[in-house]
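Working notes, beginning with the structure itself.
The values are calculated or read from the model by the stated rules, or taken from the named source; none is laboratory data. Nothing here was measured: the structure is a model prediction, and the numbers come from that model. As a convention, Cβ positions derive from the backbone with ideal geometry for all residues, glycine included, and neighbour counts pool all protein chains shown. Note: accessible area is taken over every heavy atom of the protein model, side chains too, but ligands, DNA and RNA are not part of it. Shrake-Rupley method; radii C 1.70, N 1.55, O 1.52, S 1.80 Å.
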Amino acid sequence: MRDTDDRHGPDDCGGTPDRPAGPHRLRGTARLAFGNPVSLGYLALVLAAVLFALVDHLAGAHPDASFSGVWALLLTAPTVFPLWLAGDALWGESAAPDGYLTAAAVVAALVNALLLGLVHRALAGGRRGPRRAAVGDGWHTRRHGDH
């Protein structure tokens with residue numbers, strides 16, 4: 001006989017004092033960021049903007065500046081701006097390396113996708129049937145001797 005609580009299923013992301021969080025937390029986070037149509041649509045839009053900027057850059061030089069890369073940055077706003085400011089604070093007068101700026105944009109897109117997944121889960125939760133409480137389901141009298 002296993003000593004488990006029926007409230008926690010395989011999709012539970014959090015841990016409890018008697019059951020620490022493990023790979024379920026990573027799978028739950030990945031499911032929020034990649035497992036819903038809103039987050040996937042957002043990530044596809046960001047990828048399309050990045051590919052457009054890359055093709056525009058590789059297509060050749062323009063007599064005037066091209067703003068194709070601005071669209072990718074605007075799609076990762078507002079999360080990208082604090083990350084860029086942190087890079088400016090770290091490197092000061094010398095500019096942050098290009099790799100950092102690219103990584104900041106990628107992290108910002110993933111954080112935005114995760115936040116969109118949370119909003120999607122909160123809004124779609126009522127249509128899929130009863131939801132579990134975020135903190136717990138309350139007292140279970142069966143486990144406390146009141147049958």
Scanning for something outside any helix (DSSP H, G or I) and of a type outside the set (Val, Ile, Thr), does the stretch 103-124 turn up at least one residue?
no
Yes/no for Leu32 being closer than 27 Å to Ala122 by Cα and in contact (Cβ under 8 Å) with a residue 40 or more places away in the chain:
yes
Scan the stretch 95-122 for residues that are open to solvent by 20 Å² or more (accessible area, probe 1.4 Å) and farther than 17 Å from Val50 by Cβ and report the count.
10
If you scan the stretch 78-94, which residues turn out to be open to solvent by less than 80 Å² (accessible area, probe 1.4 Å) and either assigned to a loop (DSSP other than H, G, I, E, B) or touching a strand residue (DSSP E or B) at 6+ places or on another chain (Cβ under 6 Å) (or both)?
Thr79, Gly92, Ser94
If we keep just the residues of the stretch 7-39 that are open to solvent by 70 Å² or more (accessible area, probe 1.4 Å) and not in a loop (DSSP other than H, G, I, E, B), which is modelled with the lowest pLDDT?
Arg19
